[in-house]
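Novice: Dumping the structure here so I can ask a few things about it.
The values are calculated or read from the model by the stated rules, or taken from the named source; none is laboratory data. The structure presented is a predicted model; accordingly, all values stated were derived computationally and were not measured. So basically every Cβ, Gly included, is an ideal-geometry build from the backbone, and we count neighbours across all protein chains shown.
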Amino acid sequence: MDTIGVGLIGTGYMGKCHALAWNGVRAVFGDGPKVMLRHLAEANPDLAAQRAAEFGFEHATADWRDLLADPEVAVISITTPNAFHAEMAIAALEAGKHVWCEKPMAVVLEDAERMAAVAAASGRVAVLGYNYIQNPVVRHIEGLVKDGIIGRVNHVRLEMDEDFMADPEAPFYWKSERSSGYGALDDFGVHPLSLLQTLLGPVEAVMAQLAKPHEQRPVTGGGQRPVETWDIASVLLRLHGGVSGVMALNRSAWGRKGRIALQIFGDKGTIAYDQERMNEFQLFVAEGRPSEQGFRTVLAGPQHAPYDRFIPAPGHGLGFNDLKLIECHEVLRAIGGEAARVIDFGHGLLIERAVHAMARSHDEGRWVEL
Ligand SMILES: NC(=O)c1ccc[n+]([C@@H]2O[C@H](COP(=O)([O-])OP(=O)(O)OC[C@H]3O[C@@H](n4cnc5c(N)ncnc54)[C@H](O)[C@@H]3O)[C@@H](O)[C@H]2O)c1
């Protein structure tokens with residue numbers, strides 16, 4: 001595979017993130033096929049043309065199905081709102097394209113099940129946008145856990161907080177519509193669940209409570225509209241091997257900007273990490289004299305692969321968009337038939353099932369087994 005033709009659907013926040021990744025992946029990693037930015041789709045034709053010029057794509061269209069008909073497009077990035085993922089991913093796979101689709105898979109579990117089934121039958125690569133597992137620091141933490149540096153893991157605590165829904169006066173938009181999903185659970189919860197699944201294996205049982213901090217929001221142009229989603233979720237978890245867990249999610253957490261705080265407790269030590277300080281982690285190992293015991297902070301550096309592909313100097317720091325670029329490289333590895341660190345549609349379905357089990361637990365007020 002000397003070259004690969006790329007299609008991109010959606011050019012908002014994530015669309016730009018994918019475009020940056022496709023633009024930079026070969027320069028950073030120095031391997032893989034030459035990336036040909038072939039065809040971009042955006043709902044508004046003028047915006048499509050503008051974004052194609054900005055991102056470096058050859059063709060622009062307002063009809064995403066044009067990408068399916070383009071024989072030069074081999075892989076399609078899907079970065080549209082959640083409600084479109086199932087239809088677009090299934091159509092792309094059935095047209096013989098590889099798919100790199102933003103999380104969550106789908107709003108409805110049956111759609112996610114269909115996506116996984118179509119992906120499995122297609123023989124094509126179908127990967128979800130779980131960028132946080134790509135952080136070199138998270139990769140290193142995974143190695144520490146697997147090597148038993150903190151002993152046998154007995155408890156994990158995860159918090160994900162941002163404040164983009166905190167202002168009660170912020171206007172109603174698609175993230176408050178039930179058609180986008182449950183709210184914090186599938187918008188947010190899937191990210192910490194991707195970390196959990198990667199580091200500690202799948203969730204076995206859940207007990208959840210969802211909450212709405214704001215019952216209604218102003219509509220642009222006047223009036224109020226009831227909020228249909230839950231911006232807060234509190235979840236108890238039972239993980240593989242009897243490990244207990246707690247997950248707290250809040251899209252209305254004033255002051256929190258990109259917090260994904262993870263603590264893994266073992267019988268010999270503890271690891272702590274927070275995405276807001278994504279270039280470091282804390283490690284406590286219960287050894288030596290108690291008088292000098294304490295957490296040490298480890299800064300990311302070239303010894304934490306693939307940090308070295310970006311910067312030779314330690315402590316200088318990667319950013320959010322770099323995680324997407326690493327993910328892009330893994331997508332290319334998967335397409336090339338290599339073992340890749342990705343959450344594909346099959347593994348993504350386990351995350352979706354956990355999310356829907358949490359919603360059911362909230363509805364029924366009881367533990368739900370997966
Ligand atoms: N991986 C992450 O860390 C992360 C972060 C934010 C969002 N997301 C996910 O990315 C997806 C997009 O979120 P966003 O924040 O980029 O949204 P956004 O609103 O910024 O961008 C969505 C874009 O899709 C376009 N679009 C909508 N319908 C279309 C259609 N039929 N054809 C072509 N274009 C269409 C919109 O015009 C818009 O430009 C969501 O599924 C979201 O959950 C992932």
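Novice: Restricting attention to the stretch 142-186, and to residues there that are touching a residue at least 60 places away in the same chain (Cβ under 8 Å) and hydroxyl-bearing (Ser, Thr, Tyr), which single residue is nearest to ALA208 (Cα to Cα)?
Specialist: That would be TYR182.
Novice: Related question: For ALA41, which of the numbered conditions (1) surrounded by fewer than 23 Cβ atoms within 10 Å (Cβ to Cβ); (2) within 11 Å of the ligand (Cβ to nearest atom) fails to hold?
Specialist: With (1) surrounded by fewer than 23 Cβ atoms within 10 Å (Cβ to Cβ); (2) within 11 Å of the ligand (Cβ to nearest atom) applied to ALA41, the lone miss is (1).
Novice: Can you name every one of the strands (runs of 3 or more DSSP E) wholly within the stretch 208-315 that holds 1 or more residues which are assigned by TED's automatic domain parsing to the domain that holds GLY148 and of a type in the set (Asp, Glu)?
Specialist: Qualifying strands (runs of 3 or more DSSP E): 269-274, 280-285.
Novice: Quickly run through the stretch 220-268 and pick out the residues that are of a type in the set (Gly, Ala, Ser), over 29 Å from GLY319 (Cβ atoms) and touching a residue at least 24 places away in the same chain (Cβ under 8 Å).
Specialist: Those that are of a type in the set (Gly, Ala, Ser), over 29 Å from GLY319 (Cβ atoms) and touching a residue at least 24 places away in the same chain (Cβ under 8 Å): SER234, GLY241, SER244, GLY266.
Novice: Which residue is farthest from the ligand (Cβ to nearest atom), if the candidates are limited to the stretch 327-348 and must be assigned to a helix (DSSP H, G or I), crowded, with 18+ Cβ neighbours inside 10 Å and under 13 Å from the mean Cα position of the chain (by Cα)?
Specialist: Per the stated criteria, the residue is PHE345.
Novice: Please go through the stretch 20-29 and give me each residue that is in contact (Cβ under 8 Å) with a residue 40 or more places away in the chain and either of a type outside the set (A, V, I, L, M) or within 13 Å of the ligand (Cβ to nearest atom) (or both), ordered by number.
Specialist: LEU20, ALA21, TRP22, GLY24, PHE29
Novice: Still on this model: Taking the stated definitions as given, is LEU318 in a helix (DSSP H, G or I) and in contact with a Pro (Cβ under 8 Å, 6 or more places away or on another chain)?
Specialist: no
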